[in-house]
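Peer 1: To start, I am sharing the structure in question, which I have written as structure tokens.
The values are calculated or read from the model by the stated rules, or taken from the named source; none is laboratory data. Small disclaimer: the values here were computed from a predicted structure and weren't measured. A quick note on method: Cβ atoms are made from the backbone with ideal geometry, for glycine too, and the neighbour counts reach across all protein chains shown.
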Amino acid sequence: MKFYYVYILLCSDGLTYTGITNDIARRFDEHQKGVRNTVGLFQAGPVLEMIELKTQCPDKP
């Protein structure tokens with residue numbers, strides 16, 4: 001069973017970015033490196049820190 005995480009990142013320009021993933025370590029690393037995803041380029045600037053991580057939610061009951 002996969003678990004999904006909702007997270008909020010603080011970017012260097014003071015903006016926040018909210019996302020969802022099933023691999024939080026990989027996704028945070030992608031943000032740090034500026035990797036593109038289906039949404040497009042991260043235009044909020046480099047990530048300073050993860051400021052919120054919500055409870056895991058299973059994909060199936």
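Peer 1: What are the residues in the range 19-47 that are touching a Cys at 6+ places or on another chain (Cβ under 7 Å), among the hydrophobic types (A, V, I, L, M, F, W, C) and at pLDDT below 75, if any? Before the answer, list the steps.
Peer 2: So in the range 19-47, the residues touching a Cys at 6+ places or on another chain (Cβ under 7 Å) come out as 44-47.
Restricting the remaining residues to those that are among the hydrophobic types (A, V, I, L, M, F, W, C) gives 44, 47.
If the condition is that a residue be touching a Cys at 6+ places or on another chain (Cβ under 7 Å), among the hydrophobic types (A, V, I, L, M, F, W, C) and at pLDDT below 75, then ALA44 is the only one that fits.
Peer 1: Kindly check whether there is at least one residue in the range 51-60 that is under 11 Å from the mean Cα position of the chain (by Cα), at pLDDT below 75 and of a type in the set (Asp, Glu).
Peer 2: Yes.
Peer 1: In the range 10-25, how many residues are loosely packed, with under 11 Cβ neighbours inside 10 Å and either without any contact (Cβ under 8 Å) to a residue 12 or more places away in the chain or under 12 Å from LEU53 (Cα atoms) (or both)?
Peer 2: Matching residues across the range 10-25 total 3.
Peer 1: Would you be able to say whether some residue in the range 1-18 is modelled with pLDDT under 70 and assigned to a loop (DSSP other than H, G, I, E, B)? Break it down into steps so the answer makes sense when it comes.
Peer 2: Going through the range 1-18, the residues modelled with pLDDT under 70 turn out to be 1.
Retained after the next criterion (residues that are assigned to a loop (DSSP other than H, G, I, E, B)): 1.
Yes, the range 1-18 contains a residue that is modelled with pLDDT under 70 and assigned to a loop (DSSP other than H, G, I, E, B).
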